[in-house]
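These notes concern the structure reproduced below.
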Amino acid sequence: MPKLIFEGPLISFFGKCVEIKKDGSIIDLLMDIDKAGILIDKSMRIKPGIIILLNGKDTRLLDKSLVNTRVLSETDEVTFIPVNHGG
């Protein structure tokens, strides 16, 4: 089962770790748990300000379509880190 790990204020919405019992891409799995639209916008894209790590690697440095197309394996771990702004 892929694990989705949430950091910072995202923990209050999703909990620290969610294990998903179905196959799908990162976006597919998020659509199942993000009913309030905290991470996904109306066009089914990850909202700005969220860093996504797949097995410890920043998805921005990997193939851009990875978030929408790669089906996660049972051992995959996806971490969502919000970029907090303020002063």
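The values are calculated or read from the model by the stated rules, or taken from the named source; none is laboratory data. Remember, it's a predicted structure, so these values are computed and weren't measured experimentally. In this analysis, Cβ positions are derived from the backbone assuming ideal geometry, glycine residues included, and neighbour counts consider all displayed protein chains.
Do we find a residue being part of a loop (DSSP other than H, G, I, E, B), touching a helix residue (DSSP H, G or I) at 6+ places or on another chain (Cβ under 8 Å) and modelled with pLDDT under 90 anywhere in the range 73-87? The answer is yes, given that some residue of the range 73-87 is part of a loop (DSSP other than H, G, I, E, B), touching a helix residue (DSSP H, G or I) at 6+ places or on another chain (Cβ under 8 Å) and modelled with pLDDT under 90.
Taking the range 1-13 only, how many residues are surrounded by fewer than 18 Cβ atoms within 10 Å (Cβ to Cβ) and touching a helix residue (DSSP H, G or I) at 6+ places or on another chain (Cβ under 7 Å)? The total comes to 0. With the structure loaded, tell me whether Met1 is at pLDDT below 90 and touching a strand residue (DSSP E or B) at 6+ places or on another chain (Cβ under 6 Å) or whether it fails that test. In short, yes. For the range 29-52, the count of residues that are of a type outside the set (Phe, Trp, Tyr), in a helix (DSSP H, G or I) and touching a Lys or Arg at 6+ places or on another chain (Cβ under 8 Å) is at least one.
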